[in-house]
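**Q** Structure incoming, see below.
Values in this text are rule-based calculations from the coordinates and carry no lab data. Just so you know, these numbers come straight off a predicted model, no measurement behind them. Here the Cβ positions follow ideal geometry from the backbone for every residue, glycine too, while neighbour counts run over all protein chains shown.
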Amino acid sequence: MKKIIALVLVAVLTVCCLAGCGNKKENKQPKEFQTKELVMATNATFPPYEYYENGKIVGIDAEIAQAIADKLGYTLKIEDMEFDSILAAVQSGKVTMGMAGMTITPDREAIVDFSNTYATAVQSVIVKADGDIKTLDDVTGKKIGVQTSTTGDIYATDDYGDENIERYSKGTDAVAALVAGKIDCVIIDNEPAKAYVAANEGLTILDTAYAEEQYAIAFAKSNPLVKDAVNGALVELINDGTIKKIIEKYIPAEEVPAE
Ligand code: ARG
């Protein structure tokens, strides 16, 4: 008899505990579901993905995020910060997501979750048109400017040595240093590279041998419900052609690399 009572007690306790745990989870609804607001962290020095126009952050990422927010019936708030700070802001829950032409890398995947990919890129080397860097081999031993913590920084450090890398908080600052003759080249994603070259006289681009990169939206690993909601909307926008239309508004179709 004692044994049966003990067993019943254990069973009751187990059920209570499970129900309790369940309740706790329900209480931990993502704040986005209540506020109906998505907060996007970005670094708006990266045309055509994010940059300022008339005091407002515009570009491919801003438009895609707005389309996602519209689809979910949420408002969108964009927070501009150092590229270097975006993942920490995402991890801490200070923002809903990081969207900054951000490449999926194994190191980043270890600390955040990524959405489906919505765009691709390759790294480019910006040089002075009349300078002596004509091929990738010529980059060896030269002063290379990069935006801190970007894939350009990571790859260039690996390939050319930390002692040759000059890190800048903005891609535009790296390009200004190149124009001023303080460094010999800048390694950065191909689309901003094209925009920087178009905005500054006397610069030109070499493509690197680095593999194609996939851009995606970063989320805290602790926030899978929000990730699923945002990613669900993103996938619908990919499938119905909206994302392609937004990208082609900023990057003429003939320049988009074939998939
Ligand atoms: N794709 C590169 C990376 O993920 C560079 C991204 C820089 N983005 C920016 N908004 N500044 O590292």
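**Q** Where the centroid of each part is defined by its Cα atoms, how far is region 68-86 from region 166-191 in Å?
**A** Centre-to-centre (Cα) distance: 26 Å.
**Q** Among bridges DSSP assigns within the chain, what percent are antiparallel (round to 5)?
**A** That works out to approximately 60 percent antiparallel.
**Q** Turning to a different aspect of this structure: Inverting the mean 1/r over all pairs of different Cα atoms, compute the Kirkwood radius of region 140-232 and quote it in Å.
**A** Hydrodynamic radius (Kirkwood, Cα only) of region 140-232 equals 14.8 Å.
**Q** Checking the table Lys170/Lys244; Lys142/Lys244; Lys56/Lys94; Lys31/Lys194; Lys94/Lys170 against a 32 Å threshold on Cα-Cα, which pairs fail?
**A** Checking Cα-Cα distances, Lys142/Lys244; Lys31/Lys194 exceed 32 Å.
**Q** Across 5 Å bins from the origin, how do the percents of Cα pairs in the chain run, short distances first?
**A** Over the chain, the share of Cα pairs per 5 Å bin runs 1, 6, 12, 15, 16, 14, 10, 7, 5, 3, 3, 2, 2, 2, 1, 1, 0, 0, 0 percent.
**Q** Sort 109-121, 208-220 for me by packing, meaning the mean count of neighbouring Cβ atoms within 10 Å per residue, highest on top.
**A** Per-residue mean Cβ counts within 10 Å order the peptides as 208-220, 109-121.
**Q** In vacuo Debye scattering of region 26-125, one point per C-alpha: log10 I(q)/I(0) at q = 0.12, 0.13, 0.16, 0.19 Å⁻¹?
**A** Each listed q maps to, in turn, -0.40, -0.47, -0.72, -1.01.
**Q** Note down the net charge around Asp113, summing +1 for each Lys or Arg and -1 for each Asp or Glu among other residues with Cβ under 11 Å from its Cβ.
**A** +1
**Q** Another question, if that's okay. What residue among Lys194, Lys94, Lys28 shows peak mean-square fluctuation when the chain is described by a Gaussian network model with Cα springs under 10 Å?
**A** Answer for the Gaussian network model of the chain: Lys28.
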